[in-house]
There are 2 protein chains.
Amino acid sequence: MNAVAAARLTGLDWGSTSLRAYLIGADGEVLAERSAASAALGASTLSGADAFAAALAQIRGDWDAQLPLLACGMVGARHGWLEAPYAPCPAGAGELAAKTVQVPGGPRIVPGLICETGGVPDVMRGEETQILGALQRHPELADAACIVLPGTHSKWARVEDGRVTGFATHMTGELYALLRRQSVLARLMPEDDPAAPAAFEAGVDAARDGGDAGLAHQLFAVRTLGLTEQRAAAELPDYLSGLLIGHELLAGLLRPIDGRLAIVAEPALGARYARALARFGVANPLLLGNTAVAGLVCVAREMGWIE
Amino acid sequence: MNAVAAARLTGLDWGSTSLRAYLIGADGEVLAERSAASAALGASTLSGADAFAAALAQIRGDWDAQLPLLACGMVGARHGWLEAPYAPCPAGAGELAAKTVQVPGGPRIVPGLICETGGVPDVMRGEETQILGALQRHPELADAACIVLPGTHSKWARVEDGRVTGFATHMTGELYALLRRQSVLARLMPEDDPAAPAAFEAGVDAARDGGDAGLAHQLFAVRTLGLTEQRAAAELPDYLSGLLIGHELLAGLLRPIDGRLAIVAEPALGARYARALARFGVANPLLLGNTAVAGLVCVAREMGWIE
């Protein structure tokens, strides 16, 4: 029997602009893996059940179509294949498995999470599965941890006893993209994004030490430092990045962290956050790559689909 | 002698996307006024001395071309008609008049202001003239005041003894425009901008009471309040506006204000800021419209051009 024939489950990490498929064995091991080559198979591009079904058939290719399917991410959003209503915090693998939703002729979908702070809701979809994966790979995180998932909409989640107790979203990546390319700040910047580590750290430090002057004020320094030639054009993108990430850390670290801080991100972005955290005196965060498949395995196990 | 024949000076309020011309008499009175009908005569659209000269000729029309010309605003920026280097703070009418720059065959240009806080520069260009105008119209402000000029790049200036001692820029208006139209927050909003005063105040209050959670975090509530239908789509633009203006106030009011707070803005925007200030316990700010021409008169007087 070859590896693929031993498969028990197909896992789908289906984001707004990405789709990854995993063939998973009886012990939760990954037997094979495929990524969509373009964003055209992402959940925010597709519209209607037929389009999702066709995208699934395309990425699955010659894999066994009879295997159970488990998906996480924006595929379960209101404009995804089928809406999987958010599970309320606190929630762990058990609560998430219990609220999965079955698409007729399609995958079972892991719900996102919702929490509320001072009457204001916050949501995540896809990151809950990555968090489960992080806990599975590093069981010492389950007792108490802060798990940071940087990105377009960064998430800071608090974990206690294996469950997410609450979290906060920061629009850091989206603000960077808008300000970097479409604001007055873009005018003094080069086309490319040269690495400027000292400027990045200066931006982080400015947020750390002077953040109460307001993000909307400190952002203007990207322009004035360029205008007055105190910073070269090539330094401005990373100074902007440092300011934005610094403000995220200022808010995220406001409440003391119980247990360890872990970062779940592709390596370059994880390293960037680790450098910023060091400026705030937080040393040696645990750096993890994409943990979505490990999280899908957790949920599948919870449902009894695999051992 | 008719009014126009009594003119002693032509004043130009020449911003990035606007151009206004004033015919000014011997006592500083405005005898006639003209506005460019389109942004095509704005300083950021024009390129090269010939284009500026043609725009000047167009707005001046049949007015006496022999009159002295005094201009303020982005016309004096690096990519304007001729760069008028920033005057350092503290500065009042005397310092600004001393640093005006003469365009050959064109106007004399009032410089902008530069200040520095913790090693980081800040700049304004055009607002310094509006501040002089505010002091001229309300001399009680000259002793000590905080003058707020809301807009794309809002300015908060502190005045002592008739001079601007320092100021801070907040990119509030630009952030609103980017987030309102081009971010994920725009997706749940209607095309138009319906007035939603209660939602605006809720946004201001959220910033006031929970601002330490970070602007980039609180912005995401515009999405989640819409997603969870706690706020109607029509309320979201004003909730966003309230959040952004609230964060500006949080930073601007951090240092206690000596003297009175004045707002220089077109009436609807001034009233919006006054409503937000009331939520912060600052009652009855002085509301002023465009004071640029009064400021040009101050500088012209300082130079001995008029009485």
Does any residue of the stretch B:277-290 turn out to be within 15 Å of the chain's Cα centre (by Cα), assigned to a loop (DSSP other than H, G, I, E, B) and within 28 Å of residue B:29 (Cα to Cα)? yes
For residue B:259, only one of the following conditions fails: (1) at negative phi; (2) at pLDDT below 95. What is its number? (1)
Kindly check whether there is at least one residue in the stretch A:255-265 that is assigned to a helix (DSSP H, G or I) and either away from chain B (no Cβ under 14 Å) or buried (at least 22 other Cβ atoms within 10 Å of the Cβ) (or both). no
Please go through the stretch B:105-135 and pick out each residue that is on the phi > 0 side of the Ramachandran plot and crowded, with 20+ Cβ neighbours inside 10 Å. B:126
Among the residues that make up the stretch B:108-120, is at least one of them touching a helix residue (DSSP H, G or I) at 6+ places or on another chain (Cβ under 8 Å) and touching a residue at least 60 places away in the same chain (Cβ under 8 Å)? yes
Got a number for residues in the stretch A:233-249 being touching an Asp or Glu at 6+ places or on another chain (Cβ under 8 Å) and surrounded by fewer than 24 Cβ atoms within 10 Å (Cβ to Cβ)? 1
Considering the stretch B:27-63 alone, what residues qualify as being over 25 Å from residue B:299 (Cβ atoms) and touching a Gly at 6+ places or on another chain (Cβ under 6 Å)? none
I'm trying to understand the selection: among the residues of the stretch A:41-64, which are small (Gly, Ala, Ser) and either in contact with a Ser or Thr (Cβ under 9 Å, 6 or more places away or on another chain) or under 23 Å from residue A:295 (Cβ atoms) (or both)? A:42, A:43, A:44, A:51, A:55
Scan B:152, B:169, B:165 and give me the residue that is in contact with a strand residue (DSSP E or B) (Cβ under 7 Å, 6 or more places away or on another chain), among the β-branched types (Val, Ile, Thr) and under 20 Å from residue B:246 (Cα atoms). B:169
Quick one: in the stretch B:107-120, which of the residues that are touching a strand residue (DSSP E or B) at 6+ places or on another chain (Cβ under 6 Å) and within 22 Å of residue B:150 (Cβ to Cβ) is farthest from the other protein chains (Cβ to nearest Cβ)? B:110
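Residues are listed down the side, and each one gets a yes or a no for (1) under 19 Å from residue B:214 (Cα atoms); (2) in contact with a helix residue (DSSP H, G or I) (Cβ under 6 Å, 6 or more places away or on another chain):
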| residue | (1), (2) |
| --- | --- |
| A:194 | no, yes |
| A:232 | no, no |
| A:235 | no, yes |
| A:248 | yes, yes |
| A:269 | no, no |
| A:276 | yes, yes |
| A:281 | no, no |
| A:292 | no, yes |
The listed residue being in contact with a His (Cβ under 6 Å, 6 or more places away or on another chain) and among the aliphatic types (A, V, I, L, M), out of A:168, A:145, A:134: A:168
State the number of residues belonging to the stretch B:192-227 that are among the acidic types (Asp, Glu), at pLDDT 95 or above and surrounded by fewer than 17 Cβ atoms within 10 Å (Cβ to Cβ). 3
In the stretch A:53-67, which residues are farther than 17 Å from residue A:20 by Cβ and in contact (Cβ under 8 Å) with a residue 40 or more places away in the chain? A:53, A:64
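Each row is one residue, and each column tells you yes or no for (1) in contact with a strand residue (DSSP E or B) (Cβ under 9 Å, 6 or more places away or on another chain); (2) hydroxyl-bearing (Ser, Thr, Tyr).
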{"site": "A:217", "(1), (2)": "yes, no"}
{"site": "A:230", "(1), (2)": "yes, no"}
{"site": "A:239", "(1), (2)": "no, yes"}
{"site": "A:244", "(1), (2)": "yes, no"}
{"site": "A:253", "(1), (2)": "yes, no"}
{"site": "A:268", "(1), (2)": "no, no"}
In contact with a Ser or Thr (Cβ under 7 Å, 6 or more places away or on another chain) and modelled with pLDDT of 95 or more, is that true of residue B:286? no
If residue B:230 satisfies every condition in (1) within 18 Å of the chain's Cα centre (by Cα); (2) surrounded by fewer than 17 Cβ atoms within 10 Å (Cβ to Cβ) but one, which is the exception? (1)
Residue within the stretch B:164-187 that is touching a residue at least 12 places away in the same chain (Cβ under 8 Å), surrounded by fewer than 24 Cβ atoms within 10 Å (Cβ to Cβ) and farther than 25 Å from residue A:178 by Cα present: yes
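The values are calculated or read from the model by the stated rules, or taken from the named source; none is laboratory data. None of the values given here were measured: they were computed from a predicted structure. Note: ideal-geometry Cβ built from the backbone for every residue, glycine included; neighbour counts use all protein chains shown.
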